[in-house]
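The structure appears below as structure tokens.
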Amino acid sequence: MYPVLFKCSFFTVYTYGVFVALAFFVSSWSISKDAKREGFDENLIYNFCIFILISGIAGARFLYIILNLGYFIENPVEIFMLQ
């Protein structure tokens, strides 16, 4: 598998990121269809999936900061850099 799908002048698209995004969209779509069949509001499920995505990114960043606390104490501005 190729780690880099393609590069443009100012950004790189990685294979791992594409497949994680694809898995998120397919699972969100699948869950919403199952929820609609069970009688739940489809938009509520999509909102919940977006909430889970944002919470997952924030939680992963928080854990990364905790595990590398010494570095982030010396460089507090980099706490908010998500690249």
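Points worth noting:
- The HN-Hα couplings worked out from phi for the stretch 10-19 by the Karplus form 6.51 cos²θ - 1.76 cosθ + 1.60 (θ = phi - 60°) are 10, 8, 10, 9, 9, 4, 4, x, 5, 6 Hz, whole numbers, x standing for Gly and Pro.
- Along the chain, counting only chymotrypsin sites (Phe, Trp or Tyr not before Pro) with a DSSP assignment other than H, G, I, E or B and at most 13 other Cβ atoms inside a 10 Å radius, the longest segment between sites is 12-83.
- For Tyr14, residues with placed amide H under 5 Å, excluding near neighbours: Leu5
- Estimated from helical segments only, the mean residue ellipticity of the chain at 222 nm is -23000 deg cm²/dmol, where each DSSP H run of four or more residues counts as -39500 (n - 2.57).
- Taking the Cα centre of the chain as reference, the dipole from Cβ charges on Lys and Arg (+1) and Asp and Glu (-1) amounts to some 220 debye.
- Three-way shape label, the stretch 20-83, alpha-carbon gyration tensor, a/c 1.5: prolate
- In plain terms, the bigger the Kirkwood radius, the slower the diffusion; for the stretch 1-56, with that radius from Cα pairs, at 25 °C and 0.890 mPa s, Stokes-Einstein puts D at 189 µm²/s.
- Accessible surface computed residue by residue for the chain, with neighbouring protein chains in place and a 1.4 Å probe, gives 85 Å² per residue.
- Cα lying deepest toward the dipole's positive end in the chain, options Leu5, Leu22, Cys49, charges on Cβ: Leu5
The values are calculated or read from the model by the stated rules, or taken from the named source; none is laboratory data. Only a predicted model underlies this, so the values are computations on that prediction, with no experimental measurement involved. Virtual Cβ from ideal backbone geometry, glycine too; neighbours counted across all protein chains shown. What goes into the accessible areas is simple: the full protein's heavy atoms, side chains included, and nothing from ligands, DNA or RNA. Shrake-Rupley method; radii C 1.70, N 1.55, O 1.52, S 1.80 Å.
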